[in-house]
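The values are calculated or read from the model by the stated rules, or taken from the named source; none is laboratory data. What you see is a predicted model, and the numbers here were worked out from it, not measured in a lab. So basically every Cβ, Gly included, is an ideal-geometry build from the backbone, and we count neighbours across all protein chains shown. Only protein heavy atoms, including side chains, enter the accessible area calculation; ligands, DNA and RNA are left aside. Shrake-Rupley method; radii C 1.70, N 1.55, O 1.52, S 1.80 Å.
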There are 2 protein chains.
Amino acid sequence: MTDPHHAADRPLANGRTRIDFQTEPSRYRHWKLKVDGDVATLFLDVDEKGGLFEGYDLKLNSYDLGVDIELADAIERLRFEHPQARVVVLRSGKPRVFCAGANIRMLAGASHAHKVNFCKFTNETRNGIEDLSENSGLATICAINGTAAGGGYELALAADHIMLVDDGSSSVALPELPLLAVLPGTGGLTRVADKRKVRRDHADVFCTTEEGVKGKRAVEWRLVDEVAPGSKFEDAVHARARDFAAKSRRDGVGPGVKLVPLTRVFAPDGVAYDSLAVEFDRARRIATVTLRGPPAPPPASADAMVALGSQFWPLKLARELDDAILHIRLNEFDVAAIVFKSSGECSDVVAYEHFLDANKDHWLVREIRHLWKRVLKRIDLTSRSLVTLIEPGSCFAGTLAELAFASDRSYMLLGTREGDNRPPAAIVLTDANFGAYPMSNGLTRLASRFLAHPADLEEVKAERGKMLDAEAARRLGLVTFAPDDIDWDDEVRVFLEERASFSPDGLTGLEANLRFAGPETMESKIFARLSAWQNWIFQRPNAIGEEGALKRYGTGQKPVFDTRRA
Amino acid sequence: MTDPHHAADRPLANGRTRIDFQTEPSRYRHWKLKVDGDVATLFLDVDEKGGLFEGYDLKLNSYDLGVDIELADAIERLRFEHPQARVVVLRSGKPRVFCAGANIRMLAGASHAHKVNFCKFTNETRNGIEDLSENSGLATICAINGTAAGGGYELALAADHIMLVDDGSSSVALPELPLLAVLPGTGGLTRVADKRKVRRDHADVFCTTEEGVKGKRAVEWRLVDEVAPGSKFEDAVHARARDFAAKSRRDGVGPGVKLVPLTRVFAPDGVAYDSLAVEFDRARRIATVTLRGPPAPPPASADAMVALGSQFWPLKLARELDDAILHIRLNEFDVAAIVFKSSGECSDVVAYEHFLDANKDHWLVREIRHLWKRVLKRIDLTSRSLVTLIEPGSCFAGTLAELAFASDRSYMLLGTREGDNRPPAAIVLTDANFGAYPMSNGLTRLASRFLAHPADLEEVKAERGKMLDAEAARRLGLVTFAPDDIDWDDEVRVFLEERASFSPDGLTGLEANLRFAGPETMESKIFARLSAWQNWIFQRPNAIGEEGALKRYGTGQKPVFDTRRA
């Protein structure tokens, strides 16, 4: 394997050796989270010198992945630590500047793989803001006090309500095309066309106008929801926040659940979490993620669950799995395939599913289910080959079984292994597999799987609660292959070797196209369509070539384009 | 403008200077069309030496754009010249070989712009086959007598019914990823996932297996509809053709309408058709397409229309417009913007709309409406900036008004021009604007335009038949800008200059994302999602670099990949 590009990758700042997705409000450098009764406010006040990588300053509230990691963390804390918050106001902590979007110097120097995965994470964070409103009743207001350009406006587009100061200069803009010869990378075009339903010719003018649109026209063109003069802006934002808080159906009570730091140990060839282990086989380009079943039975009551807080097994495991996936995505680009395994008793996992179902109206249970939904979506959208190995001693039941259905393929051992006296592997389906975890396309993984024969889905549904062995799972269409002990090792080895031998780009495109059959949603459009265009354009010489717009931005030299339309 | 890549473009074969989209059965080199009662058969028998470009042989029924131009022509002739045909059998004219897909040598040597536009045209041809079945009742059976690989299987996927010889070797395959590090370019993945609803893990195995799938497994995995042993294959195909013909609702009668060759004159700076003129302003990278209104009133009766045949104005204009768009797409890559203009009387165009409506159940009228639908979709999918200029003397009424709604922007002159005593410009809407011409997303252009406010669509609908001046058109949201005589020239000039100054790649992605708001269909997925992934991957070093798979295919050397997943 040669890889001439690795050497040129930009080093992380401050001697860091990996990007860390764990943070907490006391460590934020770019955001401040303030909660006042039922109104939360998130102030963006980027520390210019706090860039994740060396070589650029984060001027004008521009951002890099490090800024977005803090935002994603703050959104999670609003869910779990502030169940009484009913509206969040996104705003700038700097006067007359809202947000200049993703930092251009960072983009110009980043590897393609980092850029694409950075865009994906920011997209997921924006989707998370929308999910918070749609499913947890915590609405978002974006109050723009200056210029919201590029990713800055894309952040605003994630809000339920966009307010803009009407001062003759504050504006919203998507200047990527005219300035940089690329597209907005974080769902901007799709949200303009599909969420805000901006008329297509207005959208065309907007996206080709470097300076953006301001004042009354921004409202007429549906780019913002309201404008207010500077003197009345604070009052207007305050009043609007009260309106949204009053309308919110969020009913969380109590002090919330503190998201304590994850227990993690990074070693050269893996990461050890409490309920999860990641092992890297770098020669074979494989990451094996082994999830462990619950260490104890479910708590006796919802109150006991709240008392456990972030030590409650389903919550802890979801957070650890999310962290592990993000670590692989952004720090381990050479991993070709993620292998999911599990260890434990199916019945122990099922006991937790029953506990969650019995308390399904408790705010904390709802948030835990929504967290699993988002983690599983993140796995669906991870551009690595995914495979689940279901073997004796595993516990792919309920929520954990979703990993098999999120995988490109699954292998389930038929019968037992010679010399292993554990019973044969089983899958157990629960109610959770039939509605709790829709994919980006709006369907459950099983509904997507059985698109051709909805009757098969009903047949599978009737098997809930049963220990399904490999023969049954294969017959029902739940697993791809069910080799026996004699064939297992070779089949799995050949598959993994083959996967590592294919073009990584080709696999990314193939998997993205095959994973999401059926309907499209705004979310699936953003990932499947907008991201693909973005990937393409970001790779073209017109953007990244020596004479391209990204390279020449700020040099005073005009870019030179290959003028052929493709 | 520098363009170092032009020089390296592969020359056309036989000294040709442009790709011609006009052909007819007597000139086919690769297909034979046979019509026997209500059963038509299309035999693919590629002439190895008949490549469109120099430098490759079309072995094993592999194809290039020239082969697909003949197929597209044959499909049009089935519509217009053979209204009694009720089923078409696609098959190979060579023994034990079906089709090896797009020619790899051709792909390896083609410019990116040609490849992308080639894939787009083949996609449109496949969609046309499906449209012929869905909307005109002419079903397609694909009879595979050997290996259908890559684009060969993608051709089969366009059929209603796929039959495969069960002889132990004949197979279907999408080997692009394992062989070439690219994706199937003609809708393959989307049709596998969404049309045939192949289970995603089966699809994963299928698309990563170079040799494909054959026999019983091909049926079980829904890749084909039936298999039959070689000895019984002919009888089975014949019987199936009879079944489909019997079920067809196609009711065309008579001898059909001969599609006579278009009258065209190619000059250095334009193309003159009977009802249409194309002018190139190469310095400014603009193609102006001027459509002329009808030269005479509509015929007195449907019989008189049939007697006019392909001279009937709506049919002739549609064919000429289609040819002009394809010429610009594939021969004039440097054109940044297509400007639509028209000349004539709105009332004359409206008279034709009324004639078509009055005869809307006549098979020929239906085919003409479907042809316009496809031509307009082709325009939607053309990766050039589209603008319609509506000026005094123009006739954007009914079907022609769709060009304004297909455009990224439209400009309509407010009032008259000094020294021009013609009346101010008008737009006239007719029933045709409210249903006859759905876009790829399944909505009409006006419904897509007014997605935010369906009430606006109703308001516009109530204005059918009126001469709408610029003020009214702007108020109703039908045009983007309505400058007066004083501002017109500057506004239009600045827009066109700006468009030519932007990155062509960025514009392609921007326009593709903004043109199709709202729902997605299989067709929109193919163009908006699959094509974008394809574009990206086709541009990556892993495919086209010196050590990439496309470059190394057939050399005996293995490709070397940048292993990072993006």
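Return yes when B:Asp64 is within 14 Å of another protein chain (Cβ to nearest Cβ) and at negative phi and no when it is not. No; evaluated as a whole, the condition is false for this residue.
Look at segment A:253-268: where a residue is closer than 18 Å to A:Asp38 by Cα and a partner is small (Gly, Ala, Ser), sitting 6+ places away or on another chain with Cβ atoms under 7 Å, you get A:Val257/A:Gly309; A:Val257/A:Ser310; A:Lys258/A:Gly309; A:Lys258/A:Ser310. Yes or no: segment A:235-255 includes at least one residue that is crowded, with 21+ Cβ neighbours inside 10 Å and at positive phi. No, segment A:235-255 contains no residue that is crowded, with 21+ Cβ neighbours inside 10 Å and at positive phi. Take B:Ala203 and tell me if it is without any contact (Cβ under 8 Å) to a residue 24 or more places away in the chain and among the aliphatic types (A, V, I, L, M). Criteria met by B:Ala203.
Would you point out the residue of segment B:416-440, among those that are open to solvent by 30 Å² or more (accessible area, probe 1.4 Å) and of a type in the set (Gly, Ala, Ser), that is modelled with the lowest pLDDT? Step by step, filter segment B:416-440, then rank; the result is B:Gly419.
The set of residues in segment A:549-566 that are within 20 Å of B:Ser111 (Cβ to Cβ), open to solvent by 20 Å² or more (accessible area, probe 1.4 Å) and in contact with a Pro (Cβ under 7 Å, 6 or more places away or on another chain) comprises A:Phe561, A:Asp562. The set of residues in segment B:32-48 being in contact (Cβ under 8 Å) with a residue 12 or more places away in the chain and more than 12 Å from B:Leu78 (Cβ to Cβ) consists of B:Lys32, B:Gly37, B:Phe43, B:Leu44, B:Asp45, B:Val46, B:Asp47. Being within 14 Å of chain B (Cβ to nearest Cβ), farther than 17 Å from A:Ser440 by Cα and open to solvent by 10 Å² or more (accessible area, probe 1.4 Å): is that true of A:Arg409 here? Yes; evaluated as a whole, the condition is true for this residue. Taking the criterion of being more than 26 Å from the chain's Cα centre (by Cα), more than 14 Å from chain A (Cβ to nearest Cβ) and at negative phi, the residues of segment B:164-205 that qualify are B:Leu164, B:Val165, B:Asp166, B:Asp167, B:Ser169, B:Ser170, B:Ser171. Does A:Glu511 fit the bill of being within 11 Å of chain B (Cβ to nearest Cβ), touching a residue at least 24 places away in the same chain (Cβ under 8 Å) and either open to solvent by less than 20 Å² (accessible area, probe 1.4 Å) or of a type outside the set (S, T, N, Q) (or both)? So A:Glu511 fits the description; yes. Per the conditions (1) in a helix (DSSP H, G or I); (2) within 11 Å of chain A (Cβ to nearest Cβ), the sole criterion not satisfied by B:Asn441 is (1). Taking the criterion of being open to solvent by 30 Å² or more (accessible area, probe 1.4 Å) and touching a Gly at 6+ places or on another chain (Cβ under 6 Å), the only residue of segment A:270-291 that qualifies is A:Glu279. Every condition in (1) open to solvent by less than 10 Å² (accessible area, probe 1.4 Å); (2) more than 7 Å from chain B (Cβ to nearest Cβ) is met by A:Asp505 except one, and the failing one is (2). Checking A:Thr382, A:Thr444 one by one, the residue that is within 22 Å of A:Ser524 (Cβ to Cβ), surrounded by fewer than 23 Cβ atoms within 10 Å (Cβ to Cβ), polar (S, T, N, Q) and without any contact (Cβ under 8 Å) to a residue 40 or more places away in the chain is A:Thr444 and no other. Is it fair to say B:Arg499 is in contact (Cβ under 8 Å) with a residue 40 or more places away in the chain and basic (Lys, Arg)? Considered against the rule, which asks whether it is in contact (Cβ under 8 Å) with a residue 40 or more places away in the chain and basic (Lys, Arg), B:Arg499 comes out as yes.
Number of residues in segment B:68-115 that are open to solvent by 10 Å² or more (accessible area, probe 1.4 Å), closer than 30 Å to B:Leu177 by Cβ and among the acidic types (Asp, Glu): the value is 1.
Within segment B:519-548, being open to solvent by 20 Å² or more (accessible area, probe 1.4 Å) and at the interface with another protein chain (Cβ under 7 Å from one of its Cβ atoms) holds for B:Glu520, B:Gln539. Taking every residue in segment B:1-22 that is away from chain A (no Cβ under 12 Å) and pairing it with any residue that is at pLDDT 50 or above and open to solvent by 50 Å² or more (accessible area, probe 1.4 Å), at least 6 positions away or on another chain, the pairs with Cβ-Cβ distances below 6 Å are B:Arg10/B:Gly55; B:Pro11/B:Glu54; B:Ala13/B:Glu54. Evaluate segment B:381-397: report whether one residue or more is away from chain A (no Cβ under 12 Å) and in contact with a Pro (Cβ under 8 Å, 6 or more places away or on another chain). Yes, the conditions are met somewhere in segment B:381-397.
What about B:Val460, is it more than 8 Å from every other protein chain (Cβ to nearest Cβ), among the hydrophobic types (A, V, I, L, M, F, W, C) and under 23 Å from B:Ile286 (Cα atoms)? The answer is no for B:Val460.
The condition (being in contact with an Asp or Glu (Cβ under 6 Å, 6 or more places away or on another chain), in contact (Cβ under 8 Å) with a residue 60 or more places away in the chain and either part of a helix (DSSP H, G or I) or surrounded by fewer than 23 Cβ atoms within 10 Å (Cβ to Cβ) (or both)) is satisfied by just one residue among A:Leu364, A:Leu330, A:Leu376, A:Leu371: A:Leu376.
When we screen A:Leu33, A:Leu12, A:Leu65, A:Leu44 for residues that are open to solvent by 20 Å² or more (accessible area, probe 1.4 Å) and within 21 Å of A:Asp131 (Cβ to Cβ), the only hit is A:Leu33.
Is one or more of the residues making up segment A:333-354 under 20 Å from A:Asp73 (Cβ atoms) and open to solvent by 30 Å² or more (accessible area, probe 1.4 Å)? No; the residues of segment A:333-354 include none that is under 20 Å from A:Asp73 (Cβ atoms) and open to solvent by 30 Å² or more (accessible area, probe 1.4 Å). When restricted to residues that are touching a strand residue (DSSP E or B) at 6+ places or on another chain (Cβ under 8 Å) and either modelled with pLDDT under 95 or hydrophobic (A, V, I, L, M, F, W, C) (or both), segment A:206-244 contains 14. Summed over segment B:333-361, residues that are outside any helix (DSSP H, G or I) and farther than 28 Å from B:Ser133 by Cβ total 13. Scan segment B:549-566 for residues that are of a type in the set (Lys, Arg) and at the interface with chain A (Cβ under 7 Å from one of its Cβ atoms) and the total you get is 2. With respect to the conditions (1) modelled with pLDDT under 95; (2) surrounded by 18 or more Cβ atoms within 10 Å (Cβ to Cβ); (3) farther than 27 Å from A:Leu174 by Cβ, A:Asp3 lacks only one, and its number is (2).
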